[in-house]
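Below is one structure, written out as structure tokens, with a few remarks after it.
Rule-based calculations on the coordinates, nothing more; no lab input. This is a predicted model, so every value here is computed, not measured. In this analysis, Cβ positions are derived from the backbone assuming ideal geometry, glycine residues included, and neighbour counts consider all displayed protein chains.
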Amino acid sequence: MNTQFRIGLGYDVHRLAEGETLVLGGVTVAEDIGTVAHSDGDVLLHAICDALLGAAALGDIGEHFPDTDPAYRGVSSLELLRHCVMLLDERGFGVVNIDATLILEKPKILPFKREMRSRIAEAASLDIDGVSLKATTAERMGFVGRGEGVEAHAAALIARKD
Ligand code: MG
């Protein structure tokens, strides 16, 4: 079926450790505790990349950017996001909007939200109102609640460009 609109979902989780940097949505939000990862560990952007790839049935982020590939060591996930948007563009799709939720105990995300939305929008060729971001805690329940990790969920809508 040659559909005009397609939807995708994304999810990611990363472990937190002391002495690492926490980068979310392309913004450094903490420098005393951060994600343990091969890239910059930006769970929010990874969930968004998977939502975009999912919308176009292009697999997942692990297939496109294997963590065994030294090329992606320490890479900014904004670069990965730009690459995913380019893959969609090559197939005739543009991003309509992105909606995401971050789940973590700390730090408070509100002061960083606008900058995150702005960076995501820039990388995805969207206006800032094309990017929605929410954040919640896990109310001290489970691994997120104990501060052991950060979780992110994302949905993306893409449309065939005329
Ligand atoms: Mg990841």
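Do you know which of the residues in region 17-35 that are assigned to a strand (DSSP E or B) and farther than 24 Å from Ala123 by Cβ is farthest from the ligand (Cβ to nearest atom)? Outline the logic, then answer.
Just the residues of region 17-35 that are assigned to a strand (DSSP E or B), to begin with: 17-18, 22-24, 27-30, 33-35.
Those still in the list that are farther than 24 Å from Ala123 by Cβ too: 17-18, 33.
On the way: Ala17: 15, Glu18: 19, Ile33: 17 Å.
The extreme case among them is Glu18.
Has region 133-151 got at least one residue that is under 13 Å from the mean Cα position of the chain (by Cα), of a type in the set (Val, Ile, Thr) and surrounded by fewer than 18 Cβ atoms within 10 Å (Cβ to Cβ)? No, region 133-151 contains no residue that is under 13 Å from the mean Cα position of the chain (by Cα), of a type in the set (Val, Ile, Thr) and surrounded by fewer than 18 Cβ atoms within 10 Å (Cβ to Cβ). For region 42-55, a residue qualifies if it is within 8 Å of the ligand (Cβ to nearest atom) and surrounded by fewer than 24 Cβ atoms within 10 Å (Cβ to Cβ), but none of them does. Mind listing just one residue for me: the one in region 58-83 that is touching a residue at least 12 places away in the same chain (Cβ under 8 Å), within 13 Å of the ligand (Cβ to nearest atom) and part of a helix (DSSP H, G or I) and, of those, surrounded by the most Cβ atoms within 10 Å (Cβ to Cβ)? By that ranking, first place goes to Ser77. Note on region 2-16: among residues that are closer than 27 Å to Arg160 by Cα and within 13 Å of the ligand (Cβ to nearest atom), the one that is surrounded by the most Cβ atoms within 10 Å (Cβ to Cβ) is Gly10.
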